[in-house]
Each structure stands twice: as structure tokens, then as C-alpha cells.
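Participant: Below is one structure. I have some questions about it.
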Amino acid sequence: MKKFFMFFILSFVLVLGACDNGDDDADTTDDAEEDADTEEVVDEEEATEEEATEDEEAEEDATEEEEEADDSASTSDFDAEEFARTNCAACHGQDFTGGMGPDLTGLDEGTITDAVREGPGPMPSYSEDQISDEDLDVLAGFFSEM
């Protein structure tokens, strides 16, 4: 069986070697074209890096402007229900009456505020970077009025 397998492999290698068309000049032409393509790719990469640097600077400027706009924006831009559905409903249920986490409806605002900032038990805490104090007050009001 081993002899048959070795014979098969050797035959296969010889057949593949016989398929060579012997056109070595075509390889040098292909190499020259590949070198030209490589130079174009390098030039494109340098241009892309310059554009990326410019884009990063523009994004940083835009982020700073957005942060300034966020600081001056009123809390009316904050949608407490949307925030709650995105961040709370997975554990507290779609109607916030409980699930893995406890019922949030009708809780006083202080309890909600403390829970959001401290993250009791397995609940994650939310920093001021994630939800501002003003928006947290709106969220607490949303739950206490349910």
C-alpha cells in the first residue's frame, strides 16, 4: 500500500512538472508589472495615511464641538424611555416591572439615581460620562412616574 501511495505521489509530481510551459520571459515581464504595482500601492498607502491623519484631526475637532454642544444642550434632548429600553429593559423587562432585575416602576428618584451610579449586585454602574446628572434626574423621574 505504501509503495502504491509513493508511486502515485511521484507520478503526480512528474505530471505537474511536465505542465510547465517553459516561458521564463513571461515571468520577468510579470515581475516588472508587479514592481510597478507595488510602487503604486506604496504611494496609495502613503496618501491613505495622510488622509487618515487629516480625518482623525477632523474627527477630534468634531468631537470637541459635539461635547461643547452637549454641555450647552438642554435635557429635553434626552429621551429617558429610549435610554431605559436600550440599557435597562434586557434585565428589568420591556415594561420595567422586573425580570432578572427588580421592578423599577414607581421607585423614588433617589433610589434610581443611587442604583444607576453604584450598580448594586450584578447591575453595571453608569458614570457621568455615560449619563449626565441632569439626564439621570430625567431617567429617575421617568421610572418614578410609572
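Derivation of every value follows stated rules applied to the coordinates shown; laboratory data play no part. Quick caveat: nothing in here was measured; it's all calculated off a predicted structure. Methodologically, a virtual Cβ is constructed for each residue, glycine included, from the backbone with ideal geometry; neighbour enumeration extends over all protein chains shown.
Participant: Within region 77-146, report the chymotrypsin sites (Phe, Trp or Tyr not before Pro) that DSSP leaves as loop and that have at most 15 other Cβ atoms within 10 Å.
Facilitator: Values: sites: 78, 83, 96, 126, 142, 143; in loops: 78, 96, 126.
Here no loop site has a sparse enough neighbourhood.
Participant: Sticking with this one: Out of every Cα pair in region 75-144, what percent are spaced more than 20 Å from each other? If you can, show how the numbers build up before the last one.
Facilitator: Values: 375 of 2415 pairs.
In whole percent, the share of Cα-Cα pairs in region 75-144 beyond 20 Å is 16.
Participant: Let me ask you something else. Tally Lys and Arg at +1 and Asp and Glu at -1 over the other residues with C-beta under 11 Å from the C-beta of residue 146: what net charge comes out? Show your work: numbers first, answer last.
Facilitator: On the way: positive: none; negative: 81, 95, 103, 145.
Summing Lys/Arg as +1 and Asp/Glu as -1 gives -4.
Participant: A further question on this structure: Starting from the 7 Å offset along Cα-to-Cβ, what nm value, one decimal, do you get for the label separation of residue 130 and residue 81?
Facilitator: Modelled inter-label distance: 2.4 nm.
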